[in-house]
1. Please determine whether any residue of the stretch 60-67 is under 14 Å from the mean Cα position of the chain (by Cα), farther than 16 Å from residue 146 by Cβ, surrounded by 18 or more Cβ atoms within 10 Å (Cβ to Cβ) and at pLDDT 95 or above.
2. Quick check on this structure: which one of 170, 153, 199 is β-branched (Val, Ile, Thr), farther than 29 Å from residue 109 by Cα and open to solvent by less than 30 Å² (accessible area, probe 1.4 Å)?
3. For residue 88, indicate whether it is touching a strand residue (DSSP E or B) at 6+ places or on another chain (Cβ under 8 Å), surrounded by fewer than 17 Cβ atoms within 10 Å (Cβ to Cβ) and at pLDDT 95 or above.
4. Which residues, counting only those in the stretch 166-188, are more than 14 Å from residue 91 (Cβ to Cβ) and at pLDDT 95 or above?
5. Out of everything in the stretch 5-47 that is over 18 Å from residue 198 (Cα atoms) and outside any helix (DSSP H, G or I), what residue ends up being most open to solvent (accessible area, probe 1.4 Å)?
6. Could you list, in sequence order, all residues of the stretch 91-129 that are charged (D, E, K, R) and open to solvent by less than 40 Å² (accessible area, probe 1.4 Å)?
Amino acid sequence: MSVPQVLSDIRAAEQQAGREAGSVRLVAVTKGHALDEIRERVLAHGDFPLAENRGQELRDKVAAWPQAEWHFIGPLQRNKVKYLRGVTLVHSIEEVWQAQALADAAAAWGQAPDLLLQRHNGEGQKHGVLPEDLPAVLREVQATGLRVRGLMTMAPYDDPARAAQVFADTARQARELGLPDLSMGMSGDYPLAIAAGATLVRVGRRLFS
């Protein structure tokens, strides 16, 4: 598949859900792909945010191409915070210390990323904040001074009915918390996420296959 085909899918899903055209933004997951390939396969078709889940790969790509809009979507470990300089949005905040570490680093950088809180999807081994803990975690993260734009979640694999429920529950809680952005949906399930209200879909494999 290609970027035009994925964009066509996104627009069709928006229309089917009765949403405004352009209300969903494609976030291109570029891990493992060289900058020349990213330019040719992704950015030749538009100005999209680029997302990485490995700190050192992100650091190197941001240094080589600082003019792009970079997102971080992986688990954030303490020793990886230093690699996130130049990032616009971090999708995967699940502990207050992560936000505080980013706020401390951003004070030296002179530029701070916005944040999304990762909502746990109910699977035992997955990352994320338990839904019942989200209001308290949100207050504590906001107290660091960083801007929380919304929620992120990852749906269970190969279970469309369960994925649709996870997306719907996450969208409902985001509305309750007054958070406008929803990072939901990947290569295998982004139409379901758009139907539930996703504003950001994280697609990688389908852009490069």
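The values are calculated or read from the model by the stated rules, or taken from the named source; none is laboratory data. Keep in mind it's a predicted model, so treat the numbers as computed, not measured. All Cβ positions, even for glycine, are placed from backbone atoms using ideal geometry, and neighbour counts span all protein chains on display. The area values use the complete protein model at the heavy-atom level, side chains included, leaving out ligands, DNA and RNA. Shrake-Rupley method; radii C 1.70, N 1.55, O 1.52, S 1.80 Å.
1. First, the residues of the stretch 60-67 that are under 14 Å from the mean Cα position of the chain (by Cα): none.
Within the stretch 60-67 (the criterion being under 14 Å from the mean Cα position of the chain (by Cα), farther than 16 Å from residue 146 by Cβ, surrounded by 18 or more Cβ atoms within 10 Å (Cβ to Cβ) and at pLDDT 95 or above), the answer is no, since none of the residues qualifies.
2. Details: 153 fails: farther than 29 Å from residue 109 by Cα; 199 fails: farther than 29 Å from residue 109 by Cα.
It is 170.
3. On the way: touching a strand residue (DSSP E or B) at 6+ places or on another chain (Cβ under 8 Å): yes; surrounded by fewer than 17 Cβ atoms within 10 Å (Cβ to Cβ): yes; at pLDDT 95 or above: yes.
Judged against the criteria, residue 88 is a match.
4. Kept after step one, since they are more than 14 Å from residue 91 (Cβ to Cβ), are these residues of the stretch 166-188: 166-169, 171-173, 175-178, 180, 187-188.
Across the stretch 166-188, the qualifying residues are 166, 167, 168, 169, 171, 172, 173, 175, 176, 177, 178, 180.
5. Taking the stretch 5-47 and keeping what is over 18 Å from residue 198 (Cα atoms), we get 5, 30-47.
Next cut, outside any helix (DSSP H, G or I) only: 30-34, 42, 46-47.
Values: 30: 0, 31: 86, 32: 64, 33: 44, 34: 61, 42: 0, 46: 26, 47: 128 Å².
Applying the filter and picking the extreme gives 47.
6. So in the stretch 91-129, the residues charged (D, E, K, R) come out as 94-95, 104, 114, 119, 123, 126.
94, 114, 119, listed by residue number.
Yes/no per residue for (1) of a type in the set (A, V, I, L, M, F, W, C); (2) open to solvent by 20 Å² or more (accessible area, probe 1.4 Å):
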position	(1), (2)
131	no, yes
136	yes, yes
147	no, yes
163	yes, no
